[in-house]
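No value in this document is a laboratory result; all are computed from the given coordinates. Quick caveat: nothing in here was measured; it's all calculated off a predicted structure. With ideal geometry, Cβ positions are generated from the backbone for all residues, glycine too; neighbour counts draw on all protein chains shown.
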Amino acid sequence: MLIAVGLVVVGALGAVLFAAVIARRGAADAPVRDAYPVPRQLDRSDFPRPEAPWLVALFTSASCDACSSMWAKVAPLASGAVAVCEFEFPEARAAHERYAISGVPMLLIADHAGVVHRAFVGPQSATDIWAAVAGARDPEAGIEPGLGALP
């Protein structure tokens, strides 16, 4: 009988200790979310030159000071293989809403199927933009693989 009571006490103490360890750990941290999520897929028919192998789409706003210098960095990328375009809010409100653009400037680099390979939110240097486009077009080029890469 004494042994049975001892086992019950030891079991109860074990349960209390287990509960204390679990409570001490606390809740797991929530996963990190993008402050300004970027679209992962574009409908190329929404953009100029859908037949071009690559697209660089710049979403801006007329009221955004940081946006004003971005087009001058993106426009020179236009070529036979790369279509470039700018969608300025509020004039291009429909495109901003369709792709749930919540932060500008937002730059998307997509392939012929509309899959977004690289993206930037916020102002970027011409060097980083051009390198990201080159890296997306030729992954074997040895260009910084993380530049504008999506997780």
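The table that follows gives values for the structure above.
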item	result
Cut-off 14 Å between beta-carbons: net charge of the residues surrounding residue 133, Lys and Arg +1, Asp and Glu -1	-1
Sequence of 99, 36 once ranked by neighbouring C-beta atoms within 10 Å, starting from the fewest	36, 99
Additional length obtainable on full extension of the chain from residue 94 to residue 78, 0.36 nm per residue less Cα span	3.4 nm
Separation in nanometres of the label points that stand 7 Å from Cα toward Cβ, at residue 49 and residue 134	1.9
The range 44-141, relative contact order in percent, only Cα pairs under 8 angstrom and at least six apart counted	33
